[in-house]
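The values are calculated or read from the model by the stated rules, or taken from the named source; none is laboratory data. Keep in mind the model is a prediction, meaning the values are calculated, not measured. Every residue, glycine among them, receives a Cβ derived from its backbone with ideal geometry; neighbour counts consider all protein chains shown. These accessible areas exclude ligands, DNA and RNA; they are computed on the full protein's heavy atoms, side chains included. Shrake-Rupley method; radii C 1.70, N 1.55, O 1.52, S 1.80 Å.
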Amino acid sequence: MRSAPTILHLDMDAFYASVEQASKPSLRGKAVVVGGLGPRGVVATASYEARVFGVRSAMPMAQARRLAPHAAYLVPRFGLYRSISEQVMGLLRALSPLVEPLSLDEAFVDLEAGGTAWDAESARLVGARLRAEIRAVTGLTGSVGLAASKMLAKIASEQAKPDGLVLIEPGTERALLGPLSVRTLPGVGPATGDHLRRAGITTVEELAEAGEDELVRLLGKAHGHALYAMALARDDRPVVAEREAKSVSVEDTYDVDIHDRVRVGLEVQRLADRCVRRLRAAGLSGRTIVLKVRRYDFSTLTRSETLRGPTDDPAVVREAAARLLDSVDTTGGVRLLGVGVSGLADYTQEDLFAQAAGERVELPAEEPEREEPAEERQGPAAERRWPAGHDVRHALHGHGWVQGSGLGRVTVRFETPGSAPGRVRTFRVDDPDLEPVDPLPLVPLPPSAPRRPEAADRGVAG
């Protein structure tokens with residue numbers, strides 16, 4: 001572990017929900033929940049106003065609605081979130097060549113490697129300037145932790161939430177960690193936490209006092225050694241600029257269990273195509289095709305097939321996924337399906353194409369990957385869908401967003417990020433004057449900076 005607090009951890013505050021509040025003036029200061037809105041949907045992010053009612057990420061959406069019935073419930077707009085994340089990551093990369101993204105809204109930065117910080121004071125100045133730049137560029141807030149290790153920097157950013165900065169001075173680590181719950185440490189989940197609690201260990205200080213030998217006896221050699229080191233504030237993990245992807249996968253959960261074997265097969269084919277789109281977008285191919293099936297009784301089966309070489313051909317992936325499906329009993333119904341590719345490479349094995357039609361297959365542009373959760377995609381193909389929270393424009397009333405739809409009607413609130421809270425109007429779902437559009441930027445762009453369209457925010461992604 002280094003001697004100066006020059007590792008920075010940034011965590012954007014309630015990212016998805018904060019984007020929605022910044023985009024929609026009528027939701028600012030109010031409870032907002034983002035996630036899948038179907039019966040089996042889960043919460044992706046809840047605003048701090050919603051968390052007051054007990055709503056948390058990964059909670060079933062039905063439970064969230066019971067806890068906060070008056071909150072705004074919105075379908076994610078991943079295209080917009082990604083574009084804002086790219087802006088934030090650009091600010092981080094201006095600080096150092098060593099930036100390790102963990103997700104769209106979280107990353108580590110090695111400030112010493114970038115020559116931007118070398119002691120506590122310079123690190124604090126960089127952190128404060130970064131928070132100001134994020135607010136200026138995106139209109140959002142982020143919490144910053146600064147410490148001499150990745151573990152401590154992440155703990156510091158948690159303590160800084162929301163919209164704050166915490167720096168852990170070298171030499172104070174043990175005193176800070178001591179009273180914290182063992183669950184604070186990386187790798188201590190509910191099961192390990194319960195195991196330690198039964199042994200009378202609930203705080204980091206008690207973990208250190210237990211000693212390395214006792215932790216090895218309780219948790220095994222590898223986990224025991226690692227946890228003891230962390231309890232003593234030892235963490236030498238470097239910031240890694242490129243996190244190598246081990247697999248690419250997609251999956252959908254369905255409102256109603258699928259019993260029709262033909263429908264199951266068609267869903268697997270659709271998922272295979274989506275998976276290949278992600279492979280190609282990342283410039284990757286893969287050798288191992290994986291099928292995931294969760295049945296009506298929650299039992300989950302995984303089947304895989306390894307090809308002779310890596311491929312990104314959709315026909316090859318579809319055929320392999322279909323073969324894997326043949327080995328799975330779907331009697332009784334299917335609630336989740338997934339297709340993945342592992343054994344990744346940055347090249348393809350051309351002779352694999354003979355397994356398909358003999359020529360490379362291009363994915364049709366008219367069948368783009370949809371961004372909204374599976375719960376929002378049910379219903380007749382010809383019906384126009386209006387996901388809650390997504391952007392629309394009316395020929396007469398201008399730009400707005402969908403508050404909700406049903407019974408042949410769609411309700412829209414007309415407002416923009418820079419306007420006052422707008423008025424609400426209801427239209428027929430097939431109103432010719434109403435159309436999906438790209439979201440507006442949260443912060444107005446300079447006249448010289450053309451806006452990059454985000455097709456994914458229309459509910460689809462190519």
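General observations
- With q set to 0.10 Å⁻¹, the log10 of I(q)/I(0) for region 69-155, from the Debye formula over equal scatterers at the Cα positions, is -0.29.
- Alpha-carbon centroids, region 103-126 and region 195-271: separation in whole Å: 27
- Whole-Hz Karplus values for region 398-411 come out as x, 7, x, 9, 7, 7, x, 8, x, 6, x, 10, 10, 9 Hz, taken residue by residue from phi with 6.51 cos²θ - 1.76 cosθ + 1.60 and θ = phi - 60°; glycine and proline positions read x.
- Cα-based Lys pair tally, the chain, threshold under 29 Å, eight or more apart or on separate chains: 10
- With the alpha-carbon atoms of the chain aligned to their principal axes, the span from lowest to highest coordinate is 64, 57, 45 Å, starting with the largest.
- Per residue, the solvent-accessible area of region 134-292 (1.4 Å probe, heavy atoms of protein chains only, all protein chains present) comes to 47 Å².
- Contact order normalised by residue count of the chain, Cα under 8 Å, 6+ apart, percent: 16
- Accessible area of the chain belonging to carbon and sulfur atoms, whole % at 1.4 Å probe: 52
- Approximate spin-label separation VAL424-ASP255, in nm, with each point projected 7 Å along Cα-to-Cβ: 2.1
- Note: relative contact order over region 12-154, using C-alpha pairs below 8 Å and six or more positions apart, is 19 percent.
- Integer Hz, Karplus 6.51/-1.76/1.60 couplings in order for region 10-26, x for Gly and Pro: 9, 9, 5, 7, 6, 3, 4, 5, 5, 4, 5, 5, 5, 7, 10, x, 5
- Accessible area per residue in Å² at 1.4 Å probe, computed on region 56-100: 45
- Taking only Cα atoms of region 199-262, radius of gyration then Dmax in Å: 20.8, 60
- Between VAL43 and ALA58, MET59, MET61, the built amide H atoms are under 5 Å apart, and every one of these is 5 or more places off in sequence or on another chain.
- Cβ-derived FRET efficiency at R0 41 Å, PHE298 paired with ARG234, nearest 0.05: 0.55
- Cα-based Kirkwood hydrodynamic radius, region 233-339, one decimal, Å: 14.9
- With the gyration tensor restricted to C-alpha atoms of region 108-217, the semi-axes of the equivalent ellipsoid amount to 32, 16, 11 Å, longest first.
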